[in-house]
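This report concerns only the one structure given below.
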Amino acid sequence: MDRQKVVIVTGSSSGIGLETSILLARSGYTTYATMRDIDKAKPLREIAINESLPLTIIQLDVTKENSVSNAIESITKSSGRIDILVNNARYGLTGAFEDLEIDEIKSLYETNFFGLIRTTQSVLPVMRQQKSGIIVNISSGLGRFGIATSSAYSSSKFAIEGLTESMSYELEAFGIRTIIVEPGIIKTNFLKSSKLARKATDPNSPYRNFIQNMEKGMKNLIENGQDPRFVAEIILKAIEDPIPRIRYLAGKDVEQIMQIKSKLSDEDFHIMLKKMANLK
Ligand SMILES: NC(=O)c1ccc[n+]([C@@H]2O[C@H](COP(=O)([O-])OP(=O)(O)OC[C@H]3O[C@@H](n4cnc5c(N)ncnc54)[C@H](OP(=O)(O)O)[C@@H]3O)[C@@H](O)[C@H]2O)c1
């Protein structure tokens, strides 16, 4: 591995982004750990200082044009190149589809989808000039199948999957690889940082039982979820894979579900997921 490679990670204040930044820096990558709120940098900064890691923390809010361009400009200026971008920042939105208001869905897409587009488009001119680079897009098992009360989040991940597949054809011609990483259920701030749709809290919502059912189920699943360091390991493996793949599943649960999905009809898979979620 070329130890001088320069990597940028978005959403490094917690969870998968935090662990990926630490692991990549420990593995010798010149790491730019970016986060929208620099006040959350203390734990990462302490690790970087204690271990003398090649890690710099930079402010980057994926929803803000200026924040993205300033961050990418300053990284390019100081490092002279960008080898890998890990698009990780996002948040979740829980609510039955009919209960979601357009502004809530737009705001989720502004982070999860347009934020990824904004950041990727700002590094591509540098990678194209270098004739090399890797874009790692963090999707989800929910980028391959939907579940109740997650239509906005799941569709944003499906959008990332389609976007990544499409752009891969164009970017390969310039030596740029694209990778999709699909984590299963991982023990992070996922639920804490997820928003609940305004109408979902209405006790008269016809979908109230879906929300209660899902909140209870997800809490349990996340508490027993895999360590985010596991996903960081998969990201490192994907970046360094001598036989590159387009997709990397990250979690025993999502591996199992995808294996089952490949053997079932869409209708049978639908019935299986309903049973798993205790839905009628
Ligand atoms: N945890 C899971 O079970 C799971 C499963 C499948 C996929 N994933 C994917 O894994 C990735 C990381 O999620 P996680 O589980 O590690 O969740 P997390 O701990 O909540 O981390 C999300 C990160 O995104 C950041 N973020 C949110 N909005 C941002 C913005 N506008 N600009 C920059 N950063 C922003 C958050 O920053 P703040 O601290 O400022 O909010 C935080 O650092 C996501 O793409 C998620 O979809 C997670």
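Quick notes
- When segment 138-151 is limited to residues that are in a helix (DSSP H, G or I) and within 12 Å of the ligand (Cβ to nearest atom), the one that is farthest from K106 (Cα to Cα) turns out to be G141.
- Of all residues in segment 91-100, those that are open to solvent by 60 Å² or more (accessible area, probe 1.4 Å) and either among the hydrophobic types (A, V, I, L, M, F, W, C) or farther than 19 Å from E215 by Cα (or both) total 1.
- Given (1) more than 27 Å from T120 (Cβ to Cβ); (2) open to solvent by less than 50 Å² (accessible area, probe 1.4 Å), index of the condition D266 fails: (2)
- Annotation note: Cβ proximity below 9 Å between a residue of segment 173-186 that is closer than 12 Å to P228 by Cα and in contact (Cβ under 8 Å) with a residue 12 or more places away in the chain and a residue that is among the acidic types (D, E) and surrounded by fewer than 20 Cβ atoms within 10 Å (Cβ to Cβ) (sequence gap 6+ or interchain) occurs for G184/D253; G184/E255; I185/D253; I186/D227.
- Picking from residues in segment 1-12 that are out of contact with any Lys or Arg (no Cβ under 8 Å at 6 or more places or on another chain) and part of a strand (DSSP E or B), the one that is nearest to the ligand (Cβ to nearest atom) is V9.
- Check on K64, of a type in the set (K, R), within 9 Å of the ligand (Cβ to nearest atom) and open to solvent by 10 Å² or more (accessible area, probe 1.4 Å): yes
- Count of segment 207-221 residues, restricted to those that are loosely packed, with under 12 Cβ neighbours inside 10 Å and in contact with a helix residue (DSSP H, G or I) (Cβ under 8 Å, 6 or more places away or on another chain), is 1.
- Residue match in segment 104-113 (condition: on the phi < 0 side of the Ramachandran plot, more than 13 Å from the ligand (Cβ to nearest atom) and open to solvent by 30 Å² or more (accessible area, probe 1.4 Å)): yes
- Leading residue by the ranking (farthest from the ligand (Cβ to nearest atom)) among those in segment 164-188 that are more than 19 Å from the chain's Cα centre (by Cα) and assigned to a loop (DSSP other than H, G, I, E, B): A173
- Total residues in segment 177-195, condition aliphatic (A, V, I, L, M), within 17 Å of K237 (Cα to Cα) and either open to solvent by 20 Å² or more (accessible area, probe 1.4 Å) or touching a Gly at 6+ places or on another chain (Cβ under 8 Å) (or both): 1
- Helices (runs of 4 or more DSSP H) contained entirely in segment 189-248, each with at least 3 residues that are under 30 Å from V7 (Cα atoms) and within 11 Å of the ligand (Cβ to nearest atom): 190-193, 228-240
- Of all residues in segment 16-48, those satisfying the criterion of being surrounded by fewer than 22 Cβ atoms within 10 Å (Cβ to Cβ) and near the ligand (Cβ under 10 Å from one of its atoms) are R36, D37, I38, D39, K40.
- Options R128, R118: the member that is within 12 Å of the ligand (Cβ to nearest atom), open to solvent by 20 Å² or more (accessible area, probe 1.4 Å), at pLDDT 95 or above and of a type outside the set (F, W, Y): R118
The values are calculated or read from the model by the stated rules, or taken from the named source; none is laboratory data. Because the structure is predicted, anything quoted here is derived from the model rather than measured. In this analysis, Cβ positions are derived from the backbone assuming ideal geometry, glycine residues included, and neighbour counts consider all displayed protein chains. The accessibility values were calculated without ligands, DNA or RNA, using every heavy atom of the protein model including side chains. Shrake-Rupley method; radii C 1.70, N 1.55, O 1.52, S 1.80 Å.
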